[in-house]
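Take a look at the structure set out below.
Each value in this text was obtained by applying a stated rule to the coordinates, not by laboratory testing. If you're wondering where the values come from, they're calculated on a predicted model, not measured in any experiment. Here the Cβ positions follow ideal geometry from the backbone for every residue, glycine too, while neighbour counts run over all protein chains shown.
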Ligand SMILES: [Zn+2]
């Protein structure tokens, strides 16, 4: 018997962006919630830094200085640990000011497959606009005066997602001995993945902002629906065979949804 509801991985709804006026003067930032208050912060990578460090300035707001090999998870854990201090230092006006930014700019960091990419913006003439990845730099070549690069970067993420997710889906489906019909990319803020009764798979391109084991979990989750079209105990047993750490990855997704949704807001 078929269940009527489609199996989906739900995401908690992201908070509404406070400002979409297109005024992007201060550094674009990550967001997180500390003791019930939304704070924004910039991330600065440092090869010299041995420990995570916080900087607060009136112009830049809160900056987290991150040593090499420290991932998003460890940054967020650090912020939680230091939440008292941060909240005592940041005034309400600081928070309100830095709440407004949405556009990414030169030097900003964006999460990619568990690490960070640093955005480098280069000018070009009419032709030759492109986005290339070089080590951990995302080089965005655009015509001078292009104010909003979020759309350009999103396009690049979608292209990567199409390729990387397809490879993962093909590999895991062979391993799990299941056949799917089509794979599509979606960008809904409330869904990481879904599987239809016609065996079509949908994945959120923003998964590329999560660590690879998390992506693998979502892929296994949706493919497991080809065996079990529900979320019963039996379903989770299937997931556990192919992704024993699924609980940890599921928790990670729940905890990071808001941050991820806020990074490349349209
Ligand atoms: Zn599901």
Item to check | nm² value of the averaged projected area, convex hull over the Cα atoms of the range 115-159 | outcome: 3.2
Checklist entry - Which whole-number value in Å³ per residue fits the convex hull of the alpha carbons of the range 152-221? => result 82
Checklist outcome for this item: Taking R0 as 22 Å and r as the Cβ-Cβ distance between residue 83 and residue 248, the FRET efficiency 1/(1 + (r/R0)^6), rounded to the nearest 0.05, comes to 0.45
Checklist outcome for this item: Rounded to the nearest 0.05, FRET efficiency between residue 130 and residue 162 (Cβ-Cβ, R0 25 Å) equals 0.90
Checklist outcome for this item: Listing 142, 66 by rising number of other beta-carbon atoms within 10 angstrom, fewest first, gives 142, 66
Item to check | Paramagnetic reach from residue 155 (point 7 Å along Cα→Cβ, amide N under 17 Å) across the range 128-143 | outcome: 128-133, 138-143
Item to check | Solution diffusion estimate, µm²/s, Stokes-Einstein, the range 121-266, Kirkwood Rh from C-alpha pairs, 4 °C, viscosity 1.567 mPa s | outcome: 78
